[in-house]
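*Asks:* Next up is a structure, given as C-alpha cells.
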C-alpha cells in the first residue's frame, strides 16, 4: 500500500526511532509498504519517520540511480550493489569515514527542495535485515550518502540540518512555505 509521506513541519520527523526487537506481521507490512511508497515516489531511501512511525527502520534501493554510482564491499571484497538491494536496515549503526564529499541531496519529506550537502565518502554499516539477521557492509558513493541520510532520519536529524548556512538561506522561503502548509494540514486532522 502506498503511504502518505510525512512532510517537513511534522514533529515526528524530529523523533529518534525506537529499536525494533522482533519482526511482527505489522513490521513486515510496514517494510513492504515503505518499499512500495519509496518506489512510487522514485526515491532511493525512506525512513520510518517519513511514514509517521518513529522506529529504527529504513529501506534503501539505489539500483535505478545509474548517474550516481555506488560502491559496496562485503567481507572486504568489492561486489555489485545489486547483491544486497533492495536493502532493509533495522537498528542500524554506522561509522562514516573518508574525505568529505559534496553532493546534491533531496528528500521525499521536502518535495522539490534540493541542496548541496557534504558528507564523508564512505560508511561502515552494521544492522539487522528484515529477517533480524545481522548484516555488515562498507558503502561508498550514492549508497554511502543514502545510508547516512536515512540514518539521520532515524535520529531526528534532517538534511537541511547538514546544509551550509548559505544553502539553507537560498531555500528559506520554500522551507517556510512547506512548514506552514504541513502545520496547517496537521491542525485539520
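Laboratory data are not the source of any read-out in this text; all were calculated from the coordinates shown. Small disclaimer: the values here were computed from a predicted structure and weren't measured. For neighbour counting, all protein chains shown are included, and Cβ atoms are generated from backbone atoms with ideal geometry for every residue, glycine included.
*Asks:* Need pairs with beta-carbon distance below 7 Å; first residue closer than 23 Å to residue 19 by Cβ and within segment 132-143, second outside any strand (DSSP E or B); sequence gap 6+ or separate chains.
*Replies:* These pairs meet every condition: 132/22; 132/23; 135/129; 137/84; 139/147.
*Asks:* Check segment 92-112 and report whether any residue there is farther than 26 Å from residue 167 by Cβ and surrounded by 13 or more Cβ atoms within 10 Å (Cβ to Cβ).
*Replies:* yes
*Asks:* Among the candidates 1, 38, 34, single out the residue that is in contact with a helix residue (DSSP H, G or I) (Cβ under 8 Å, 6 or more places away or on another chain) and part of a helix (DSSP H, G or I).
*Replies:* Working: 1 fails: part of a helix (DSSP H, G or I); 38 fails: in contact with a helix residue (DSSP H, G or I) (Cβ under 8 Å, 6 or more places away or on another chain).
Of the residues listed, the single one that is in contact with a helix residue (DSSP H, G or I) (Cβ under 8 Å, 6 or more places away or on another chain) and part of a helix (DSSP H, G or I) is 34.
*Asks:* Given the criterion over 21 Å from residue 52 (Cβ atoms) and more than 13 Å from the chain's Cα centre (by Cα), identify the matching residue among 176, 161.
*Replies:* Values: 161 fails: over 21 Å from residue 52 (Cβ atoms).
Being over 21 Å from residue 52 (Cβ atoms) and more than 13 Å from the chain's Cα centre (by Cα) holds for just one of 176, 161, which is 176.
*Asks:* Moving to a separate point now. With surrounded by 16 or more Cβ atoms within 10 Å (Cβ to Cβ), over 17 Å from residue 131 (Cα atoms) and out of contact with any strand residue (DSSP E or B) (no Cβ under 9 Å at 6 or more places or on another chain) as the only criterion, which of 2, 51 stands out? Walk me through it before giving the result.
*Replies:* Working: 2 fails: surrounded by 16 or more Cβ atoms within 10 Å (Cβ to Cβ).
Among 2, 51, only 51 is surrounded by 16 or more Cβ atoms within 10 Å (Cβ to Cβ), over 17 Å from residue 131 (Cα atoms) and out of contact with any strand residue (DSSP E or B) (no Cβ under 9 Å at 6 or more places or on another chain).
*Asks:* With the checklist (1) farther than 22 Å from residue 20 by Cβ; (2) buried (at least 16 other Cβ atoms within 10 Å of the Cβ) in hand, flag the one item residue 118 doesn't pass.
*Replies:* (2)
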